[in-house]
Amino acid sequence: MYEELNRLDELSRRKFIQYSAKAFFGVGLTSVAGPSWASQIMPDPLKATARNVIYIYLNGGMSHIDTFDPKPDWDEQGPVETIQTNVDGIRVSNYLPNLARRMDKIAVIRSMYSTQGAHEQGTYYMHTGYEQRGTVQHPGLGAWLNSMSGKTNSTLPGNIRIGGSNNTPGASAGFLDAKFEPLHLSKPGDGLPHVLRHHTVDDVEMRERLALAEMMDLTFHKQYPAKAVRAYNDVYADAIRLMNSKDLVAFDLSQEPRLMHQLYGSSQLGQGALLARRLVEHGVRYVEINHGGWDTHNDNHENLVNLTDPLDHALSALLDDLHYRGLLEETLVVVGTEFGRTPEMNSNAGRNHHPNAFTCLLAGGGIRGGQIHGSTDGRGQEVLENGVSVPDFNATIAHALGLPLDKVIYSPDGRPFRVADKGRPVTALF
């Protein structure tokens, strides 16, 4: 189905998706979920260009020269060929044919660089904008967003992670309140576990049990009015609201028509992206999808075929879907990774860690698509111009969301921190 769709010209493809979605849902794309969340709560247009974030994190370090920054004249480029995109002058790897046709929606940052060359430290740095320290846990961007700007849907979590490990470095609430901790879902198709009451417990029984628990805890809470105790209460209350939420349907991928599953693909990334769209549609403000396996020390080119295919399909479908539903303008789509890979191949036909230069992507949420920001040399070894540090990248995301970059938040031990440390947004991208 996806291949057939891609054979259509641009106008026909748009009509196909629009009419197919209308046929499935019986409504226009902008009203699929009922009243638009944007009509209820929108950020100050003077401060923000985006309300939500869908962050696709490529865990392991994506090879930039084999994907979005190819070097056709480099001897060790390997079998990768470059193809023209739908934007004059922008070429990408032949591993990305679908994204090449959507480059007008994407800003490619080819001049990323990091100070961290190991996975744990690099992942922590990308998520927080701070180098890892033993004495403090810094918040991830999802926690910062919900702490500073609040939730849109009062009954659903504002910060959700799909796939990967439950303890991804830097993806936590850090020193912020526990209620800003991301909800982790192992697999997108499994739904949200442990949210349904036992069939023997009705509404009356539920209220009585909650009242009893509150009465038993009352003395303890009065004796120990600590922040950690209050945080426990907040999480407990949020869980109860979630159990009773009518928007739990957002987690149920079986509600999606077969066409949508086919467009996104059956991979974990594809189904995760489809779930992310549903969550954003229901008012979840920050969704991260983890797509692992990019640590290509061995058989780089062979592995990239299997890694880029789900990325190419899932991200293309996500951009189209958000666009036709009227959500792309208010949703910042991010593709990040902890570092790039070396231009030289190692003895195992792989590429090693390379923090000196790598590529990340931004789309939607006020970003001007169809542009390349920065450049690397002819081998992809070093940044040549318009370098973007990891804190700068995070500051750009925060800027799009209207978060106050200079606002100081103090950790429990009294140390001052800001959402992206000393990073400054790359305003040329907007």
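Computed from the coordinates by the stated procedures, all read-outs in this text should not be read as laboratory data. Note that the structure is a prediction, hence the values are computed from the model and not measured. Counting neighbours? That spans all protein chains shown, and the Cβs are built from the backbone with ideal geometry, glycine included.
Shape class for the stretch 251-294: oblate, because the ratio a/c of the largest to smallest gyration tensor axis (alpha-carbon atoms, square roots of eigenvalues) is 1.5 or more and b/c is at least a/b. For the stretch 337-430, what class follows from the C-alpha gyration tensor (a ≥ b ≥ c being the square roots of its eigenvalues): rounded when a/c is under 1.5, otherwise prolate if a/b is larger than b/c, else oblate? The shape class here is oblate. The ranking of M126, M148 from fewest to most other beta carbons within 10 Å of each one's beta carbon is M148, M126. Can you classify the stretch 277-319 as rounded, prolate or oblate using the Cα gyration tensor, where a ≥ b ≥ c are the square roots of its eigenvalues, rounded means a/c under 1.5, and otherwise it's prolate if a/b beats b/c and oblate if not? Oblate is the answer for the stretch 277-319, as a/c is 1.5 or above yet b/c matches or exceeds a/b. Counting other Cβ atoms within 10 Å as a rough exposure proxy, the listed residues Y57, Y410 run Y410, Y57 from fewest neighbours to most.
Pairs spanning more than 21 Å between alpha-carbon atoms, out of K151/K179; K47/K407; K179/K422: K179/K422. Taken as Cα centroids, the stretch 352-430 and the stretch 140-172 sit 19 Å apart, rounded to the nearest whole angstrom.
Averaged over residues, the count of other Cβ atoms within 10 Å places the peptides 104-110, 411-417, 268-274, 385-391 in the sequence 268-274, 104-110, 385-391, 411-417, highest first.
On the basis of the beta-carbon distance and an R0 of 56 Å, D104 and D413 show a calculated FRET efficiency of 0.75.
Ranked by how many other Cβ atoms sit within 10 Å of their own Cβ, fewest first, the residues W74, W144 fall in the order W74, W144. Other residues with beta-carbon under 12 Å from the beta-carbon of I162 carry, at +1 per Lys or Arg and -1 per Asp or Glu, a net charge of +2.
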